[in-house]
Amino acid sequence: MKITHLQSSTQIIHLGEIKVLTDPWLTDGEYYGSWYHYPPFESKNFEKLEYDYIYVSHIHPDHLSERTFKALPFKKPVIIHNYDSKFVKRKLEMLGFEVIECDNAVPFKFDNGGSITIYAADNCDLSPKN
């Protein structure tokens, strides 16, 4: 596994042949124009992003930036926790993305044999499923 840090909580996690972009927030002026990166993420760097999936942990704009999602070069599937409230899912779908909801502690398997497991606190049983 290799992790490439981009900004804030935005990383690209290399899981063998699969690359997962996490919590995309790369544009400035988020949260009513008050949040910025230093140094800024250059807009020309958007074209260089390579990823197969996107993972979003939660709805806050420094993890799910609408501006960033609109600027992403590829509309790849987005992996999220299977929240009781479907707000995150609906927001991503309105932005034109396919959403994959994962149950708590249940691995999502990639085609190459790798997997990702989400552990989230959302009125759910935090114990692993057997």
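The values are calculated or read from the model by the stated rules, or taken from the named source; none is laboratory data. It should be emphasised that the depicted structure is a prediction, and the values quoted were computed from it without experimental measurement. Note that each Cβ is placed from the backbone with ideal geometry, even for glycine, and that neighbours are counted across all protein chains shown. Keep in mind that these areas ignore ligands, DNA and RNA; they rest on the heavy atoms of the full protein, side chains included. Shrake-Rupley method; radii C 1.70, N 1.55, O 1.52, S 1.80 Å.
Counted over the chain, the DSSP beta bridges are approximately 60% antiparallel.
Would you work out if segment 22-95 is rounded, prolate or oblate? Take a ≥ b ≥ c from the square roots of the eigenvalues of the alpha-carbon gyration tensor; rounded if a/c is under 1.5, else prolate when a/b is larger than b/c, oblate otherwise. Oblate shape, in that a/c is at least 1.5 and b/c is the bigger or equal ratio.
Give me the aspartates and glutamates in straight-line cross-link reach of Lys86: C-alpha distance below 16 Å, same-chain residues under 8 apart excluded. The reachable aspartates and glutamates, counting only those whose Cα sits under 16 Å from Lys86, are Glu98, Glu101, Asp103, Asp122. Between the amide H of Val99 and those of Val78, distances stay under 5 Å, these residues lying 5 or more places away or on another chain, with hydrogens modeled in the peptide plane. Element breakdown for the chain at a 1.4 angstrom probe: carbon and sulfur atoms account for 51% of the accessible area.
Residue pairs exceeding 18 angstrom between C-alpha atoms, taken from Lys19/Lys76; Lys70/Lys91; Lys75/Lys109; Lys19/Lys48; Lys44/Lys70: Lys75/Lys109. Excluding ligands, DNA and RNA, the accessible surface per residue across the chain is 59 Å² with a 1.4 Å probe. When peptides 24-31, 102-109 are sorted by average Cβ neighbour count within 10 Å, with the highest value leading, the order is 24-31, 102-109. Extending 7 Å from Cα along the Cβ direction at Glu101 and again at Lys48 yields two label points whose distance is 3.8 nm. Scanning residues 5 or more positions from Tyr55 or on other chains, those with amide H under 5 Å from its amide H are Leu21, Thr22, Asp23, Ile79, with H placed 1.01 Å from N in the peptide plane. Assuming charge only on the beta carbon of Lys and Arg (+1) and of Asp and Glu (-1), the dipole of the chain about its Cα centre is about 180 debye to the nearest 20.
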